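Colleague: Mind looking over this structure? Questions follow.
The values are calculated or read from the model by the stated rules, or taken from the named source; none is laboratory data. This one's a predicted model, so the numbers in the text were calculated from it and none came from an experiment. All Cβ positions, even for glycine, are placed from backbone atoms using ideal geometry, and neighbour counts span all protein chains on display.
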Amino acid sequence: MIDLIGIGLGPFNLSLAALLENQPTVTSKFFEQKKEFNWHKGMIFPHTTLQVPFMADLVTLIDPTSRYTFLNYLHAQHRLLKFYILEDFEIYRKEYNHYCQWVAGQLNSAVFETTVIDVALKEDGNGFNITVCEHGENKTYMAKNIVIGTGSQPILPPFLQQISERVPYQCMHTANFSENFNFTNIRRTDKLTKVLVLGSGQSAAEVYQVLFDQQFDENNAVKFQLDWMTRSAGFFPMEYTPLGLEHFSPAYINYFHHLKPITKANVVSKQDLLHKGISAHTIKAIYHKLYERSIANQEICSTITSNCELLDATLDSTRNNMISLTLRQHEQDSVFSAEYDCVITGTGYKDTLPECMSSLLSAIKYDEFEQPKINRNYTLAYKNHSKDTKDSGRIFVQNKETHSHGIGAGDLGLGAYRSGCIVNELMGKQVYDTEALQVFQNFGKFV
């Protein structure tokens with residue numbers, strides 16, 4: 001029986017797999033349905049960087065001596081001195097993706113092109129039977145514990161989801177932009193093509209920036225009108241000051257986890273700018289582009305509008321699949337219509353348990369908001385409390401716990417810390433010092 005099976009191999013489970021390489025007494029396999037590691041492939045644009053320093057790699061913040069650090073990757077690539085001379089903490093997404101591929105390529109536990117079909121508790125409750133389709137062949141594994149690292153899923157409003165399923169090259173989430181967007185597929189010959197970007201997060205801003213650079217052809221003739229809208233009150237920068245960043249810390253996780261569920265929900269709803277805003281650098285870069293284009297009062301061919309909520313969308317197949325939108329300006333309380341040939345939405349992601357877990361859902365405890373209850377040690381809570389104390393049959397989660405552990409759930413910087421906590425749980429002792437990541441703030445009176 002395998003000690004741990006991982007479902008999904010994004011950065012967080014890759015971090016755990018890398019740390020477990022130093023624990024030969026723990027057997028593990030991590031299954032990923034893709035043929036290779038690729039992190040947000042649809043959002044790897046030229047010049048785009050992570051929004052966290054390079055130390056937020058897979059292992060450094062919990063094990064800086066690991067051979068899987070980003071700095072050791074640079075050393076292996078003969079690029080360490082160049083990075084030193086660069087003097088920049090933020091690394092390119094393309095490079096981060098390649099770094100993760102470099103780590104994944106060294107792990108015997110990483111199994112690609114394998115889909116987990118079903119996870120079921122063993123009859124005695126001591127572990128799981130995991131059915132997978134591995135390279136086209138169905139196999140069943142037994143594991144003492146599992147860890148879910150399937151990531152979050154991009155979401156579209158229902159009416160846009162229906163349109164996206166019919167014309168994916170005209171209506172898409174920003175996560176699919178690089179793969180789905182091609183101007184030749186939406187070009188109009190009867191009038192100027194119109195493209196809309198929805199949302200005011202980093203992804204929407206980067207897509208707007210990329211499209212802005214593609215608006216004019218080699219003869220300086222405009223190819224399409226580009227608009228950018230959000231239901232938010234503005235296109236605001238993400239909070240990135242040191243005391244704000246301390247919310248992404250074990251101390252804040254400890255504080256947040258002990259709050260009441262209703263309090264947690266209220267707190268998270270007010271913290272968008274801690275993790276959903278636009279980087280100040282990106283905002284400034286966009287403004288520079290707008291200013292440069294306006295020289296000599298040249299037409300911008302782009303509008304930027306806030307406080308506009310999308311109410312409805314329809315696809316008119318009789319008019320070259322024109323997408324008709326109904327929107328409402330909040331502060332003016334006015335409803336208006338607009339038409340576009342392409343709509344790209346940065347409407348966020350949702351955290352859900354994978355379908356292969358469906359047979360286990362009835363055994364899991366839920367809070368008053370119908371969200372899975374997650375223990376401080378990152379395990380799903382069972383309705384039968386005795387199961388929570390066993391060394392087998394545990395379901396660990398990675399990046400599914402914003403509602404229980406706070407906004408740091410999806411933060412790359414805390415990924416290594418969470419993986420270290422899970423390793424300690426699996427080993428039944430402290431392997432990694434999870435108390436070493438200290439901050440200056442006390443978030444609560446008794447914390």
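Colleague: I'm checking my understanding of the structure. Among residues of the range 359-415 that are without any contact (Cβ under 8 Å) to a residue 24 or more places away in the chain and hydroxyl-bearing (S, T, Y), which one is surrounded by the most Cβ atoms within 10 Å (Cβ to Cβ)?
Modeller: Y382
Colleague: Quick one: which strands (runs of 3 or more DSSP E) sit completely within the range 255-346 and have at least 3 residues that are surrounded by 15 or more Cβ atoms within 10 Å (Cβ to Cβ)?
Modeller: Per the criteria, 308-316, 322-329, 342-345.
Colleague: Report whether or not V26 is surrounded by 15 or more Cβ atoms within 10 Å (Cβ to Cβ), more than 20 Å from the chain's Cα centre (by Cα) and assigned to a loop (DSSP other than H, G, I, E, B).
Modeller: So V26 passes the test.
Colleague: For T352, work out the one condition from (1) touching a strand residue (DSSP E or B) at 6+ places or on another chain (Cβ under 8 Å); (2) among the polar types (S, T, N, Q); (3) more than 18 Å from S404 (Cα to Cα); (4) at pLDDT below 95 it doesn't fulfil.
Modeller: (3)
Colleague: Of the numbered conditions (1) assigned to a loop (DSSP other than H, G, I, E, B); (2) farther than 21 Å from P354 by Cβ; (3) out of contact with any Asp or Glu (no Cβ under 6 Å at 6 or more places or on another chain); (4) of a type outside the set (A, V, I, L, M, F, W, C), G393 fails exactly one; give the number of that condition.
Modeller: In the conditions (1) assigned to a loop (DSSP other than H, G, I, E, B); (2) farther than 21 Å from P354 by Cβ; (3) out of contact with any Asp or Glu (no Cβ under 6 Å at 6 or more places or on another chain); (4) of a type outside the set (A, V, I, L, M, F, W, C), G393 misses (2) alone.
Colleague: Which residue pairs have Cβ atoms closer than 8 Å, lie 6 or more positions apart in sequence or on different chains, and pair a first residue in the range 208-220 that is in the same structural domain as T174 (by TED's automatic domain parsing) and farther than 18 Å from S279 by Cβ with a second residue that is surrounded by fewer than 18 Cβ atoms within 10 Å (Cβ to Cβ) and at pLDDT 95 or above?
Modeller: Q214/F183; Q214/K223; Q215/V222; Q215/K223; Q215/C301; F216/V222; F216/K223; D217/K223
Colleague: Would you mind telling me which numbered condition in (1) in a helix (DSSP H, G or I); (2) over 22 Å from F256 (Cβ atoms) S404 fails?
Modeller: S404 satisfies every listed condition except (2).
Colleague: A further question on this structure: Which of (1) modelled with pLDDT under 95; (2) part of a strand (DSSP E or B) is the odd one out, the single condition F45 does not satisfy?
Modeller: For F45, the failing item is (2).
Conditions (1) touching a residue at least 24 places away in the same chain (Cβ under 8 Å); (2) in the same structural domain as T379 (by TED's automatic domain parsing); (3) under 18 Å from the mean Cα position of the chain (by Cα), marked per residue:
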site: T140; (1), (2), (3): no, yes, no
site: A143; (1), (2), (3): yes, yes, no
site: E165; (1), (2), (3): no, no, no
site: T174; (1), (2), (3): yes, no, yes
site: R188; (1), (2), (3): yes, no, no
site: A205; (1), (2), (3): yes, no, yes
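Colleague: Sticking with this structure for a sec: From (1) over 20 Å from the mean Cα position of the chain (by Cα); (2) assigned to a loop (DSSP other than H, G, I, E, B), pick out the condition that doesn't hold for L81.
Modeller: (2)
Colleague: Separate question: Report yes if some residue within the range 32-55 is touching a residue at least 60 places away in the same chain (Cβ under 8 Å), buried (at least 24 other Cβ atoms within 10 Å of the Cβ) and within 25 Å of I130 (Cα to Cα); otherwise report no.
Modeller: Within the range 32-55, one or more residues are touching a residue at least 60 places away in the same chain (Cβ under 8 Å), buried (at least 24 other Cβ atoms within 10 Å of the Cβ) and within 25 Å of I130 (Cα to Cα).
Colleague: Here is a further query. Please go through (1) under 25 Å from V423 (Cα atoms); (2) in a helix (DSSP H, G or I); (3) of a type outside the set (V, I, T) for L74 and return the number of the only condition it doesn't satisfy.
Modeller: So the condition that L74 fails would be (1).
Colleague: Return the total of residues in the range 1-23 being part of a loop (DSSP other than H, G, I, E, B) and either free of Cβ contacts under 8 Å to residues at least 40 places away in the same chain or touching a strand residue (DSSP E or B) at 6+ places or on another chain (Cβ under 8 Å) (or both).
Modeller: 3
Colleague: Tell me, please, whether a residue that is farther than 18 Å from Y255 by Cβ, at pLDDT below 95, basic (K, R) and part of a helix (DSSP H, G or I) can be found in the range 371-383.
Modeller: no
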